[in-house]
Amino acid sequence: MKPKFYFYSLSAFLLTAIILIFPSDCLVLACNGLNLWFERMIPTLFPFMVLSGIIIRMNLTGTFVKILNPFLGKLFRVSPPCIYGMVIGFLCGFPMGAHVAAQLYEQKQISRQEASFLLSFCNNIGPVYFVSFVLPKLGITNYAPFLFGMYALPFLYGLFLRYTLFHTTLSSRSSWEQTKSLPLLASIDDSVFSALSGIARLGGYMIFFNLLFILPSLAARALSLSDALSDRLIGSIGCLLEITGGIGLIGGAMPFWVLCVLPFGGLSCIAQTYSMIRNTDLSIREYIMHKMILTAITVLYYLILIPH
């Protein structure tokens, strides 16, 4: 038996034991994840998942981005469906970027290379979430340089990739072959079913990764840390597990750390992205690699912007 199976078995055994020994603490953490999913993710993400699914299935992506196509089409030299994936990925935020890229690929409106290209830079924290939740939590009032760091850097990274890594493998079609579209009611039905399945999986990941906050919490108890230091430890590690729960704990105590972790998104974001693309042959390893590169670029940017 391979060593990793021993590791997985031991981890599962220890986590099960922790849940049984500290049921009250684990219940609170799991409920936090459930509340975040129910109060934030469902109202803000589910309608976009349904609407985007309808647009894709009815083959309306080209019409949706008609205004932006002359600019972005010439800049990136990609097809209108690919531009649609870029726009939705940036405007609606994580994990809609991965969700739309996978749907466009499954519907054969874009190629695998185009889907991989979208996945490399379009799956980020949403601007509404960033402006309404993250920046106020961090006590930041001057939004402009941080909006640049969160969205302009991935945009420029995508532009760089288009003319380097994807220079010869990506289509530069000015037109594209439209696939057969579904009728409205069939599109709505398929989209609702797909969105329900996707949103349920995302909720499960949020609950599970919030539950893992018990590990740094127990470490803080073992070290007999004060409440302030305990929140910092749990929050800083929590950001690597599930970003929203971690930010909620750490608040404005460590803004530089939070801003640098946001492009990566945490393990929960990685797992949720995998759930969006698992039925395709898109590579989660390539996605993680690009996220790590973007994180490194962002760290460098904030080191220059926020001297320490």
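Quick notes on this one:
- Against the test of being of a type outside the set (F, W, Y) and surrounded by fewer than 21 Cβ atoms within 10 Å (Cβ to Cβ), the options L15, L104 yield a single qualifying residue, L15.
- Scanning the stretch 180-190 turns up at least one residue that is of a type in the set (S, T, N, Q), under 25 Å from N279 (Cα atoms) and modelled with pLDDT of 85 or more.
- Selection of the stretch 192-220 for residues being touching a residue at least 24 places away in the same chain (Cβ under 8 Å), crowded, with 19+ Cβ neighbours inside 10 Å and not hydroxyl-bearing (S, T, Y) yields A195, G198, L202, M206, I207, F209, N210, L211, L212, F213, I214.
- Filtered by the rule that a residue be more than 16 Å from E286 (Cβ to Cβ) and either without any contact (Cβ under 8 Å) to a residue 60 or more places away in the chain or charged (D, E, K, R) (or both), the stretch 90-109 gives L91, C92, G93, M96, V100, L104, E106, K108.
- Only a single criterion out of (1) without any contact (Cβ under 8 Å) to a residue 40 or more places away in the chain; (2) touching a Pro at 6+ places or on another chain (Cβ under 8 Å); (3) part of a loop (DSSP other than H, G, I, E, B) is not satisfied by I67, namely (2).
- Among the residues making up the stretch 226-280, those that are of a type in the set (V, I, T), buried (at least 19 other Cβ atoms within 10 Å of the Cβ) and either farther than 30 Å from L104 by Cβ or at pLDDT 90 or above (or both) are I234, I237, I247, I250, V258, V261, T273, I277.
Residue-by-condition table, conditions (1) closer than 22 Å to F160 by Cβ; (2) hydrophobic (A, V, I, L, M, F, W, C); (3) assigned to a helix (DSSP H, G or I); (4) touching a strand residue (DSSP E or B) at 6+ places or on another chain (Cβ under 9 Å):
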site: K74; (1), (2), (3), (4): yes, no, yes, no
site: Y84; (1), (2), (3), (4): yes, no, yes, no
site: V87; (1), (2), (3), (4): yes, yes, yes, no
site: L91; (1), (2), (3), (4): yes, yes, yes, no
site: A98; (1), (2), (3), (4): yes, yes, yes, no
site: A115; (1), (2), (3), (4): yes, yes, yes, no
site: V131; (1), (2), (3), (4): no, yes, yes, no
site: G139; (1), (2), (3), (4): no, no, no, no
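- Residue satisfying all of: in the stretch 149-160; in contact with a Leu (Cβ under 9 Å, 6 or more places away or on another chain) and among the hydrophobic types (A, V, I, L, M, F, W, C); farthest from Y301 (Cα to Cα) among these: L159
The values are calculated or read from the model by the stated rules, or taken from the named source; none is laboratory data. If you're wondering where the values come from, they're calculated on a predicted model, not measured in any experiment. Cβ coordinates were reconstructed from backbone atoms using ideal geometry, including for glycine residues, and neighbour counts include every protein chain displayed.
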